[in-house]
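This report concerns only the one structure given below.
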Amino acid sequence: MAFNGTWKVDRSENYDKFMEKMGVNLMKRKLAAHDNLKLTITQEGNKFTVKESSTFRNIEVVFELGVTFNYNLADGTELSGTWSLEGNKLIGKFKRIDNGNELNTVREIIGDELVQTYVYEGVEAKRIFKKD
């Protein structure tokens with residue numbers, strides 16, 4: 001239940017390079033750098049509800065640990081994959097629908113921050129959130 005709460009993006013590391021590797025064009029990358037992303041996470045057993053609120057969109061994603069689901073990134077990239085809980089980390093293993101390439105994500109609480117790490121084609125980026 002440590003993930004429960006509302007988290008607002010505070011800073012990013014290597015996010016532009018990550019988005020570039022994902023094929024996001026320059027204009028969208030510049031806008032995404034200032035998206036003011038806010039995540040509201042609620043966990044009930046193995047079920048998670050994540051409300052994403054940003055400059056670009058407001059969506060609600062509901063998933064159950066270990067159950068495959070589809071998800072669209074803000075730029076429209078379609079993914080399919082699962083989340084699992086390993087210790088105190090949420091591990092996301094996704095594949096792009098368009099090219100089959102893997103996108104892996106880890107969400108973990110470090111101190112008073114939610115750190116979300118992305119890895120795609122060898123490029124790693126982090127987005128660090130503070131509790132709102």
Quick one: what pairs do we get from the range 1-21, first residue on the phi > 0 side of the Ramachandran plot, second hydrophobic (A, V, I, L, M, F, W, C) and open to solvent by less than 50 Å² (accessible area, probe 1.4 Å), C-beta under 6 Å, 6+ apart or different chains?
-> ASN14/ALA125
The range 12-36, subset among the hydrophobic types (A, V, I, L, M, F, W, C) and within 16 Å of the chain's Cα centre (by Cα), residue surrounded by the most Cβ atoms within 10 Å (Cβ to Cβ) = MET19
Among strands (runs of 3 or more DSSP E) entirely inside the range 42-132, those with 1 or more residues being open to solvent by less than 60 Å² (accessible area, probe 1.4 Å), touching a strand residue (DSSP E or B) at 6+ places or on another chain (Cβ under 8 Å) and closer than 17 Å to TRP7 by Cβ are 47-53, 58-64, 78-86, 89-96, 102-110, 113-120, 123-131
Looking for whichever is of a type in the set (Asp, Glu), within 14 Å of ILE128 (Cα to Cα), at pLDDT 95 or above and in contact with a Leu (Cβ under 8 Å, 6 or more places away or on another chain) here; the options are GLU113, GLU108, GLU13. Which one fits?
-> GLU108
Which numbered condition trips up GLU108, out of (1) in contact (Cβ under 8 Å) with a residue 40 or more places away in the chain; (2) in contact with a Lys or Arg (Cβ under 6 Å, 6 or more places away or on another chain)?
-> (1)
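Residues that are closer than 24 Å to PHE3 by Cα and out of contact with any Pro (no Cβ under 8 Å at 6 or more places or on another chain): does the range 23-30 have at least one?
No: zero hits.
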Checklist (1) within 23 Å of GLY111 (Cα to Cα); (2) not in a strand (DSSP E or B) applied to THR6, failing item = (2)
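The values are calculated or read from the model by the stated rules, or taken from the named source; none is laboratory data. Fair warning: this is a prediction, and the values are worked out from it, not measured in the lab. All Cβ positions, glycine included, derive from the backbone under ideal geometry; neighbour counts span all protein chains shown. When the accessible area is computed, the model is the full protein with side chains, heavy atoms only, and any ligands, DNA or RNA have been set aside. Shrake-Rupley method; radii C 1.70, N 1.55, O 1.52, S 1.80 Å.
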